[in-house]
Amino acid sequence: MQFELLPYRTAPKKQLPTAGVKGDVGRFGSVVVERCPLYRPTDKGMDTARLSGPAFPETVFRGKRRTGRPSLFKAELTLDGRPAELQFNSRALRKQDRALRIGYEGREYVYGLEGLGSVRDLTRDGVKVSIGPGRHVPPATTYSAGTATGPVDAVDLAIAIVLEEVDTDVLTLGGAALSAPFALMQRFSDGAE
């Protein structure tokens, strides 16, 4: 199965703006991931990306705000209100050791990146969802192109798609190097809370 995700932004009057991705995912129908691109001091440095769609479980990813998005630091992932377990080693040197591991309802997922700005893969036994750069529509819109193989279901797709609006650069060695100053500041601010 193949699908496309289109980035979007809204700026309604008298409401907070939203940004994210939306698209049509084959037999699963429409999906929208939204987040607020503004910093909100009342959220204590946390940010949220929320996925919704008629065939998808409500999926919420919450983490420390970084580059205008939630990050993997202090992260929480819930699907229909049930928490998933998240683990990653930001100090590992090998790509497979840096991957994000997600446990949910007996399923074990591995999420990894080839490099900054490249293909992102979510895998579990017999299932793989890959999302990477897609077609470019001038002047500045680039779609994300997704491919799902194996007996994929709405949970697999929801996790992979919500992570499109999460800062996961720390999963690459280059991203970790660029994130080191942020991680150091994060450690100091966590100690001050």
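Would you confirm, using the coordinates I've provided, whether GLY45 is surrounded by 14 or more Cβ atoms within 10 Å (Cβ to Cβ) and within 14 Å of GLU165 (Cα to Cα)? Spell out how you get there, then give the answer.
Values: surrounded by 14 or more Cβ atoms within 10 Å (Cβ to Cβ): yes; within 14 Å of GLU165 (Cα to Cα): no.
Spelling it out, it is not the case that GLY45 is surrounded by 14 or more Cβ atoms within 10 Å (Cβ to Cβ) and within 14 Å of GLU165 (Cα to Cα).
Within region 145-175, which residues are closer than 17 Å to LEU51 by Cα, more than 11 Å from the chain's Cα centre (by Cα) and not charged (D, E, K, R)?
GLY146, ALA154, VAL155, LEU157
Checking the structure you have, find out if any residue of region 16-24 is within 12 Å of VAL166 (Cβ to Cβ) and within 15 Å of the chain's Cα centre (by Cα).
First, pick out the residues of region 16-24 that are within 12 Å of VAL166 (Cβ to Cβ): 20-21.
Retained after the next criterion (residues that are within 15 Å of the chain's Cα centre (by Cα)): 20-21.
Yes.
Quick check on region 76-92: of everything there that is hydrophobic (A, V, I, L, M, F, W, C) and either open to solvent by 70 Å² or more (accessible area, probe 1.4 Å) or assigned to a strand (DSSP E or B) (or both), which residue is farthest from ASP169 (Cα to Cα)? Before you say what the answer is, go through the steps one by one.
In the first step, residues of region 76-92 are kept if they are hydrophobic (A, V, I, L, M, F, W, C); the result is 77, 79, 84, 86, 88, 92.
The next check asks that each one be either open to solvent by 70 Å² or more (accessible area, probe 1.4 Å) or assigned to a strand (DSSP E or B) (or both); those that pass are 77, 79, 84, 86.
On the way: LEU77: 17, LEU79: 23, ALA84: 20, LEU86: 16 Å.
The qualifying residue farthest from ASP169 (Cα to Cα) is LEU79.
Which condition does GLY146 not pass, out of (1) within 27 Å of GLY45 (Cβ to Cβ); (2) modelled with pLDDT of 90 or more; (3) open to solvent by less than 10 Å² (accessible area, probe 1.4 Å), if it passes all the others?
Of everything listed in (1) within 27 Å of GLY45 (Cβ to Cβ); (2) modelled with pLDDT of 90 or more; (3) open to solvent by less than 10 Å² (accessible area, probe 1.4 Å), GLY146 misses just condition (1).
Just to be sure before I move on: is LEU113 open to solvent by less than 30 Å² (accessible area, probe 1.4 Å), at pLDDT 95 or above, of a type in the set (A, V, I, L, M) and touching an Asp or Glu at 6+ places or on another chain (Cβ under 9 Å) in the structure I sent?
Values: open to solvent by less than 30 Å² (accessible area, probe 1.4 Å): yes; at pLDDT 95 or above: no; of a type in the set (A, V, I, L, M): yes; touching an Asp or Glu at 6+ places or on another chain (Cβ under 9 Å): yes.
Considered against the rule, which asks whether it is open to solvent by less than 30 Å² (accessible area, probe 1.4 Å), at pLDDT 95 or above, of a type in the set (A, V, I, L, M) and touching an Asp or Glu at 6+ places or on another chain (Cβ under 9 Å), LEU113 comes out as no.
I'd like the full set of residues that are open to solvent by 20 Å² or more (accessible area, probe 1.4 Å), at pLDDT below 90 and assigned to a strand (DSSP E or B), limited to region 60-75.
Selection gives ARG65, ARG66, ARG69.
Keeping to region 125-143, report how many residues are open to solvent by 20 Å² or more (accessible area, probe 1.4 Å) and assigned to a strand (DSSP E or B).
First, pick out the residues of region 125-143 that are open to solvent by 20 Å² or more (accessible area, probe 1.4 Å): 125-126, 128, 130, 133-143.
Remaining after also requiring assigned to a strand (DSSP E or B): 128, 130, 133-137, 141-143.
Residues in region 125-143 being open to solvent by 20 Å² or more (accessible area, probe 1.4 Å) and assigned to a strand (DSSP E or B): 10 in total.
Among the residues of region 118-141, is any at pLDDT below 70 and of a type in the set (D, E, K, R)?
no
The values are calculated or read from the model by the stated rules, or taken from the named source; none is laboratory data. None of the values given here were measured: they were computed from a predicted structure. Every residue, glycine among them, receives a Cβ derived from its backbone with ideal geometry; neighbour counts consider all protein chains shown. We work out accessible area using only protein heavy atoms, side chains counted, and drop any ligands, DNA or RNA first. Shrake-Rupley method; radii C 1.70, N 1.55, O 1.52, S 1.80 Å.
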